[in-house]
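Chemist: Attaching a single structure in structure tokens format; questions to follow.
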Amino acid sequence: MSNISTVDNAVDSLKRIPGEMGRGTSAVALKGVLCWGWHAVSLLAHHRLRPARDEFDHWFWPFLDGGAPELDVARDSQWEERQRLSLLELLDILSEADLSILKPEFYQGWQDRTTRCRTLRNRAANVIGASVAAESRERLLLLLAAYHRLLRLPAPVEVSDLDLADALPALFDLLELLVDRSHDHSKEVLEAIAACREAG
């Protein structure tokens, strides 16, 4: 029986990236980097935001629910991303408050969407300590688009290898932003991210 924490899972994903970086800089060679990098982003974001659930409005709470830790075949085999924050929604709420909304339909309720988005972004920034700026967000959107097209959508794709390689540091910046430096695993996480950078 394995008991795998969110941070342990993230560290394992991060430690896989340097080996993937050694496969080359073509878009197809970077599939593993995108896969494990975005996986680690989702894990570290959940680790940071879930304990601060009370800082957010009630409508947002279900997105931070981790569920029971025991593997349940009937439940977990039917899991779909819409049951949790998608990577686009996560990038949206981590963006600086005055940036454009990436997914307007996510911000439903009695407030107008701009107000609801800005409130959520400000609360997320208070928890994490910073936000994703415009230039970084553009690079992250490129990497997220490539992740979806290369790993999730079964169709041909044309993509610039050079643009992807140039955008990769933004992914590592986001990972560092999400590290909880008060956590006892923070040193291991930061070292794993540093190893990813060095491998590039």
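The values are calculated or read from the model by the stated rules, or taken from the named source; none is laboratory data. Quick caveat: nothing in here was measured; it's all calculated off a predicted structure. Every residue, glycine among them, receives a Cβ derived from its backbone with ideal geometry; neighbour counts consider all protein chains shown.
Chemist: With respect to Arg53, determine if the residue is of a type outside the set (S, T, N, Q), in contact with a Leu (Cβ under 7 Å, 6 or more places away or on another chain) and without any contact (Cβ under 8 Å) to a residue 12 or more places away in the chain.
Modeler: Spelling it out, Arg53 is indeed of a type outside the set (S, T, N, Q), in contact with a Leu (Cβ under 7 Å, 6 or more places away or on another chain) and without any contact (Cβ under 8 Å) to a residue 12 or more places away in the chain.
Chemist: Looking at the range 119-151, which of its residues are within 17 Å of Leu49 (Cβ to Cβ) and charged (D, E, K, R)?
Modeler: Once the filter is applied, which keeps residues that are within 17 Å of Leu49 (Cβ to Cβ) and charged (D, E, K, R), the range 119-151 yields Arg121, Arg123.
Chemist: Can you tell me which residues in the range 33-72 are hydrophobic (A, V, I, L, M, F, W, C), over 18 Å from the mean Cα position of the chain (by Cα) and over 19 Å from Ser5 (Cα atoms)?
Modeler: Matches in the range 33-72: Phe56, Trp59.
Chemist: Moving to a separate point now. Only one of Ser100, Ser26, Ser2 is assigned to a loop (DSSP other than H, G, I, E, B), within 26 Å of Ala134 (Cβ to Cβ) and out of contact with any Ser or Thr (no Cβ under 8 Å at 6 or more places or on another chain). Can you tell me which?
Modeler: On the way: Ser26 fails: within 26 Å of Ala134 (Cβ to Cβ); Ser2 fails: within 26 Å of Ala134 (Cβ to Cβ).
Every option except Ser100 fails the conditions.
Chemist: Taking the range 177-200 as the region of interest, how many residues are β-branched (Val, Ile, Thr) and outside any helix (DSSP H, G or I)?
Modeler: The number of residues fulfilling the criteria is 1.
So that you can scan it fast, the table gives a plain yes or no per residue for (1) closer than 16 Å to Leu43 by Cα; (2) touching a strand residue (DSSP E or B) at 6+ places or on another chain (Cβ under 7 Å); (3) outside any loop (DSSP other than H, G, I, E, B):
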{"residue": "Leu142", "(1), (2), (3)": "no, no, yes"}
{"residue": "Leu150", "(1), (2), (3)": "no, no, yes"}
{"residue": "Ala155", "(1), (2), (3)": "no, no, no"}
{"residue": "Pro169", "(1), (2), (3)": "no, no, yes"}
{"residue": "Leu175", "(1), (2), (3)": "yes, no, yes"}
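Chemist: Moving to a separate point now. Exactly one condition in (1) at pLDDT 90 or above; (2) out of contact with any Leu (no Cβ under 6 Å at 6 or more places or on another chain) is not met by Ala10; state its number.
Modeler: It is condition (2) that Ala10 fails.
Chemist: Tell me, please, whether a residue that is part of a loop (DSSP other than H, G, I, E, B) and either β-branched (Val, Ile, Thr) or surrounded by fewer than 17 Cβ atoms within 10 Å (Cβ to Cβ) (or both) can be found in the range 159-167. Break it down into steps so the answer makes sense when it comes.
Modeler: Going through the range 159-167, the residues part of a loop (DSSP other than H, G, I, E, B) turn out to be 159-160.
Next, only the ones that are either β-branched (Val, Ile, Thr) or surrounded by fewer than 17 Cβ atoms within 10 Å (Cβ to Cβ) (or both) stay: 159-160.
Yes, because at least one residue in the range 159-167 is part of a loop (DSSP other than H, G, I, E, B) and either β-branched (Val, Ile, Thr) or surrounded by fewer than 17 Cβ atoms within 10 Å (Cβ to Cβ) (or both).
Chemist: I'm checking my understanding of the structure. Among residues of the range 109-156 that are in contact (Cβ under 8 Å) with a residue 12 or more places away in the chain and farther than 21 Å from Leu178 by Cβ, which one is surrounded by the fewest Cβ atoms within 10 Å (Cβ to Cβ)?
Modeler: Per the criteria, the residue is Gly109.
Chemist: Please determine, by comparing only the residues of the range 32-88 that are polar (S, T, N, Q) and over 27 Å from Leu164 (Cβ atoms), which one is modelled with the lowest pLDDT.
Modeler: Pass one, the range 32-88, residues polar (S, T, N, Q): 42, 77-78, 83, 86.
Subsequent filtering for residues that are over 27 Å from Leu164 (Cβ atoms) retains 77-78, 83.
Details: Ser77: 77, Gln78: 75, Gln83: 60.
Only one residue tops the list, namely Gln83.
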